[in-house]
1. Per residue of the stretch 31-40, what does 6.51 cos²θ - 1.76 cosθ + 1.60 with θ = phi - 60° give for ³J(HN,Hα)? Whole Hz please, x for Gly and Pro, Karplus curve as stated.
2. For the stretch 106-148, taking Cα atoms only, what is the radius of gyration to one decimal and the Dmax to the nearest whole Å?
3. Can you list which of the trypsin sites (Lys or Arg not before Pro) found in the stretch 41-72 are DSSP loop residues with at most 14 other C-beta atoms within 10 Å?
4. What are the residues whose amide H is under 5 Å from the amide H of Ile65, where those residues sit 5 or more places off or on another chain and H is modelled from the backbone?
5. Roughly what would the spin-label model give for Ser57 and Asp35, points 7 Å off Cα along C-beta, in nm?
6. Can you give the translational diffusion coefficient of the stretch 1-49 in µm²/s, computed by Stokes-Einstein from the Kirkwood radius over Cα pairs at 37 °C and 0.692 mPa s?
7. Viscosity 1.306 mPa s, temperature 10 °C: Stokes-Einstein D of the chain from its Kirkwood Cα radius, in µm² per second?
8. Count the DSSP beta bridges whose two residues both fall in the chain, then state the antiparallel fraction as a percent rounded to the nearest 5.
Amino acid sequence: MIAVLPIIIGEKNPVLRQKTKKVPRITKDILKLIDDMDATREHAVGAGIAAPQVGRSERLCIAMINKRAVPLINPFITRRSDKMETGEEGCLSLPDVWIQVPRSKEIDLQYQDAKGRKQELTLSDWDARVVQHEVDHLDGVLIVDYAL
Ligand SMILES: [Zn+2]
């Protein structure tokens, strides 16, 4: 059964501030976590969700890319453009908080898909913003850290 999970809330919550650990192997537990995280994201109407937001410590997130929810296992941003763009962001873990966040306009992303295959993408604009937000979560970074 796919479950909607409780979302961890609060900028000082240590669960949201931990650095996540690489997923060594894509087990049934990981695939179930992906399904549950996506159901949780959909239920909360978010553009993405990261494992710490549901109390887990795996380097795993889901991001809307090209209007589809894509699970990103062990994602790393391997290039960030110098060209930046500032835009308003919210976060499922920070209700009613909206912050202007500068992000690279374009990024290169490496990750594994749900079958464990290595994938590489070049993303720009909104897709790049969503992925930078989610990968930040995996390093314990929240949008409030960008507040002036
Ligand atoms: Zn967030």
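1. Once θ is set to phi - 60°, the couplings for the stretch 31-40 become 5, 5, 4, 4, 4, 5, 5, 5, 4, 5 Hz.
2. Rg, Dmax (Cα atoms, Å): 12.1, 41.
3. Lys67
4. Long-range HN contacts for Ile65: Val70.
5. If labels sit at Ser57 and Asp35, their model points lie 2.6 nm apart.
6. Answer from the Stokes-Einstein relation: 267 µm²/s.
7. Answer, rounded: 104 µm²/s.
8. 95
Readers should treat all values here as calculations from the given coordinates under stated rules, not as data from a laboratory. Here the structure is a predicted model, which is why all the values come from computation and not from measurement. With ideal geometry, Cβ positions are generated from the backbone for all residues, glycine too; neighbour counts draw on all protein chains shown.
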